[in-house]
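> So that we are looking at the same thing, I have put the structure below in structure tokens.
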Amino acid sequence: TNDVIYVYCGETAITDTYSAPTDTASNTYTSRTSVSLTNRLIHSYYSVWTGSGSLTVSCNYTSQSAQRTTVFVIAISGASIGDCGSGGVTCFDTNAAIPKTATVDSATSVTATISTSNANDFILSGSVTSAIAGPTFSCTTTATIQIDKSEGLTPQGQTCYSIVSTTQSSVSVTQSETTGGRWVMIVDAIVQAATTVTQPVACTMSNSATQA
């Protein structure tokens, strides 16, 4: 419950008209950013889900012709929800470098350099690339932090995430694959919810007795 839902919608055309994603819990999604290069496009959206169990999310667009679409849905638990369920941005790191987009043509990798203002962030990146010949994907960063990834098919794409506990300065986030192609990527950072610390309570006890 109370997860930030972050959605990457990518496809092989940039002439289509996108509308916000929809899901089986009737959550409202807000556009975060987008980037395109020639015939590669990626959008990002976000919402807050207060439910539990399974959730099916659909990317929606009006296609001018038959296209291939990649959809990545990330549910982030323990995030600072704030007003992000109603279209606000308080769940995101406030650094001016967030979100960051990157594009590159005819390459085996794409890199974006980011900085954060909050110490405890969930950094995520999503990409679409024109490489479709069964590449092997990988994610790297210049920070010593956790990396995980998932990848889609045709158009190829991947998502990666990193969990940090200190502010990041000019950190390079790189996605790569083995065959080379055209890339579009979005990197974002969501802040961790504040931890409430319970202060210790001082107790003073006294004993008294009255002797008859």
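> When you go through THR94, THR116 one by one, which is the residue that is in a loop (DSSP other than H, G, I, E, B), open to solvent by less than 40 Å² (accessible area, probe 1.4 Å) and touching a residue at least 24 places away in the same chain (Cβ under 8 Å)?
None of the other options fit; the residue is THR116.
> Could you grab me the full set of residues in the range 1-22 that are assigned to a loop (DSSP other than H, G, I, E, B) and either acidic (Asp, Glu) or under 17 Å from VAL128 (Cα atoms) (or both)?
THR12, ALA13, ILE14, THR15, ASP16 - these are the residues of the range 1-22 that are assigned to a loop (DSSP other than H, G, I, E, B) and either acidic (Asp, Glu) or under 17 Å from VAL128 (Cα atoms) (or both).
> Quick check on the range 164-212: of everything there that is modelled with pLDDT of 85 or more and open to solvent by 60 Å² or more (accessible area, probe 1.4 Å), which residue is nearest to VAL110 (Cα to Cα)?
Result: SER170.
> I would also like to ask the following. Limited to the range 12-47, what total is found for residues that are modelled with pLDDT of 95 or more, in contact with a Pro (Cβ under 8 Å, 6 or more places away or on another chain) and within 15 Å of THR101 (Cβ to Cβ)?
Counting residues in the range 12-47 that are modelled with pLDDT of 95 or more, in contact with a Pro (Cβ under 8 Å, 6 or more places away or on another chain) and within 15 Å of THR101 (Cβ to Cβ) gives 4.
The values are calculated or read from the model by the stated rules, or taken from the named source; none is laboratory data. These numbers were taken from a predicted model, which means no experiment stands behind them. Cβ: placed from backbone, ideal geometry, glycine included. Neighbour counts: every protein chain shown. These accessible areas exclude ligands, DNA and RNA; they are computed on the full protein's heavy atoms, side chains included. Shrake-Rupley method; radii C 1.70, N 1.55, O 1.52, S 1.80 Å.
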